[in-house]
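The values are calculated or read from the model by the stated rules, or taken from the named source; none is laboratory data. In this text, all values refer to a predicted model and were calculated from it rather than measured experimentally. Glycine gets a Cβ as well: all are built from the backbone with ideal geometry, and neighbour counts include every protein chain shown. Each accessible area value is taken on the protein alone, full model and side chains, heavy atoms only, with ligands, DNA and RNA left out. Shrake-Rupley method; radii C 1.70, N 1.55, O 1.52, S 1.80 Å.
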Amino acid sequence: MHQMTLAEIARGLADKKFSSEELTKVLLARITQLDPQLNSFISLTEELALEQAKAADVRRANGESGALLGAPIAHKDLFCTQGIRTSCGSKMLDNFKAPYDATVVAKLAAAGAVTLGKTNMDEFAMGSANESSWYGAVKNPWNLEHVPGGSSGGSAAAVAARLLPAATATDTGGSIRQPAAFTNLTGLKPTYGRVSRWGMIAYASSLDQGGPLARTAEDCAILLQGMAGFDQNDSTSIDEPVPDYSASLGDSLQGLRIGVPKEYFSAGLDPRIAELIQNSIKELQKLGAVIKEISLPNMQHAIPAYYVIAPAEASSNLSRFDGVRFGHRCENPENLIDLYKRSRGEGFGPEVQRRIMVGAYALSAGYYDAYYLKAQKIRRLVKNDFMAAFNEVDIILGPTTPNPAWKLGAKNSDPVAAYLEDVYTITANLAGLPGLSMPAGFVDGLPVGVQLLAPYFQEGRLLNVAHQYQLHTDWHTRTPQGF
Ligand code: GLN
């Protein structure tokens, strides 16, 4: 039962082959049995799940339908869930029960999805390995000595290990696509503004975007359908109609123009990954796509720009955690300053503290022009590169990551080494563009992802290309041993 995709579950439920309650019980038991190896969940919401499953079964019995009605999912633990701990992977929020549901959570619940729990993540979504969580590192089900990617490593590991068919995640600089690549999943970061950020705890507000992590493009289409849409509570939400993402999955790729940036195949890329990317290009050519070499000349500046902008926004966003209104408060503060200092010093882990310091520095008088303003200018150049490229091509293709998943602890002493691994993903966040990662093969038994980028609001095109590719390849069907 646990091998079913969301699409298969929807058909099974519609055909009354099993009930949502039965399926939910099977998956909850599976999580209890197998998750101790992975640490992919921070909280299990068994009672809520069974309640939601029973309610979904009643709705189906009363004639309602819908792909998400009775479908088990989990939320990355930065989506606020009313009355349930929403920790953001941090000691700071270990005691925080959200007073309301995030829009994404409310929308998916209304569509009938069943919440099995909240998944582990890098603290405040800062990281690429899921090692900065206060709740401990998450393991990669493909090799338990390796990282699953981050910051949505819990969602990725859980879905890859077939503990559940799909989960929500967020992507500020790659945190949906990179863990998807590291665990053999399909993950989609939508256009900035497509999915509401209301109730999604902020890391870097101008870059954060929620999206689906699942095994197939078909399933990402189903989950995204339930998440996307205008929200008046989010001032950056965009009032654009949401297309039917499943309806365009079958479109032909005949004549599709795929751009391959020459900068992508530089020295930093593992040659074995480069070869798998070339194979995926050949596969898409067989389906009718036309390949064109393009250039993204400012790509080299994207990492330094991102690692100024993201910490700058984080330093501002995280000032709300002051030990006064919510979250961790130190014992016996001597005065207000002592309360702030010790609550924040105790509540935030080292990576979060590092980013707050870098961000506050970049924003401070005298340095603002040299760092923050400069970074914003680079951001515009990165966007302009994409705009020029999309005059010539329909999608851009390349690797999701320069290397496969590294060993746990391998980059702990060198944060910059981890930052450099984000080279292919962060440009989409700087420009606000949609991006998808899908399975493209294996290196030393570890999964490799191919990334597709599209113009604004062309999520449907990304899902269409990925679905067609998945109809003709079987990488995405491979299951990690032991799961
Ligand atoms: N690895 C990037 C960072 O640490 C991206 C994280 C994310 O997308 N949330 O900032």
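Structure notes:
- Close pairs from the range 372-386: first of a type in the set (Gly, Ala, Ser), partner assigned to a helix (DSSP H, G or I), Cβ under 6 Å, at least 6 apart: Ala375/Ala305; Ala375/Val308; Ala375/Ile309
- Residue list for the range 288-312, filter: within 12 Å of the ligand (Cβ to nearest atom) and either open to solvent by 20 Å² or more (accessible area, probe 1.4 Å) or not aliphatic (A, V, I, L, M) (or both): Ile303, Tyr306, Tyr307, Val308, Pro311
- Some residue of the range 420-428 being open to solvent by 20 Å² or more (accessible area, probe 1.4 Å), touching a strand residue (DSSP E or B) at 6+ places or on another chain (Cβ under 9 Å) and not aliphatic (A, V, I, L, M): no
- Answer residue from the range 395-422, given it is within 12 Å of the ligand (Cβ to nearest atom) and under 16 Å from the mean Cα position of the chain (by Cα) and is nearest to Ala217 (Cα to Cα) among those: Thr401
- Qualifying positions in the range 8-37 - under 20 Å from Ala137 (Cα atoms) and open to solvent by 60 Å² or more (accessible area, probe 1.4 Å): Thr32, Gln33, Pro36, Gln37
- Any hit, the range 287-307, residues being in contact with a helix residue (DSSP H, G or I) (Cβ under 7 Å, 6 or more places away or on another chain) and farther than 30 Å from Leu256 by Cβ: yes
- Unique match (being open to solvent by less than 10 Å² (accessible area, probe 1.4 Å), in contact (Cβ under 8 Å) with a residue 60 or more places away in the chain and not hydrophobic (A, V, I, L, M, F, W, C)) among Pro415, Pro434: Pro434
- Filter result for Ala125 (at positive phi, in contact (Cβ under 8 Å) with a residue 24 or more places away in the chain and crowded, with 24+ Cβ neighbours inside 10 Å): yes
- Candidates are the residues of the range 377-394 that are among the β-branched types (Val, Ile, Thr) and open to solvent by less than 30 Å² (accessible area, probe 1.4 Å); the one that is farthest from the ligand (Cβ to nearest atom) is Val393.
- Residue check for Thr81: within 23 Å of Pro212 (Cβ to Cβ) and in contact (Cβ under 8 Å) with a residue 12 or more places away in the chain: yes
- From the options Gly89, Gly117, Gly66, Gly70, residue that is open to solvent by 10 Å² or more (accessible area, probe 1.4 Å) and either away from the ligand (no atom under 16 Å from the Cβ) or over 26 Å from Lys25 (Cβ atoms) (or both): Gly66
- Evaluated against (1) open to solvent by 70 Å² or more (accessible area, probe 1.4 Å); (2) modelled with pLDDT of 95 or more; (3) out of contact with any Asp or Glu (no Cβ under 6 Å at 6 or more places or on another chain), Arg344 falls short on exactly one condition, (1).
- Residue match in the range 224-241 (condition: at positive phi, assigned to a loop (DSSP other than H, G, I, E, B), within 16 Å of the ligand (Cβ to nearest atom) and not aliphatic (A, V, I, L, M)): no
- Pairs, first within 15 Å of Thr400 (Cα to Cα) and free of Cβ contacts under 8 Å to residues at least 12 places away in the same chain in the range 256-268, second surrounded by fewer than 21 Cβ atoms within 10 Å (Cβ to Cβ) and of a type in the set (Lys, Arg), C-beta under 7 Å, six or more apart: none
- Scope the range 341-367; condition of a type outside the set (Gly, Ala, Ser), farther than 17 Å from Ala204 by Cα and more than 15 Å from the ligand (Cβ to nearest atom); matching residues: Lys341, Arg342, Arg344, Glu346, Tyr367
- Criterion violated by Val104 - all others in (1) out of contact with any strand residue (DSSP E or B) (no Cβ under 8 Å at 6 or more places or on another chain); (2) crowded, with 24+ Cβ neighbours inside 10 Å satisfied: (1)
- Residue match in the range 143-165 (condition: open to solvent by 10 Å² or more (accessible area, probe 1.4 Å), among the charged types (D, E, K, R) and away from the ligand (no atom under 13 Å from the Cβ)): yes
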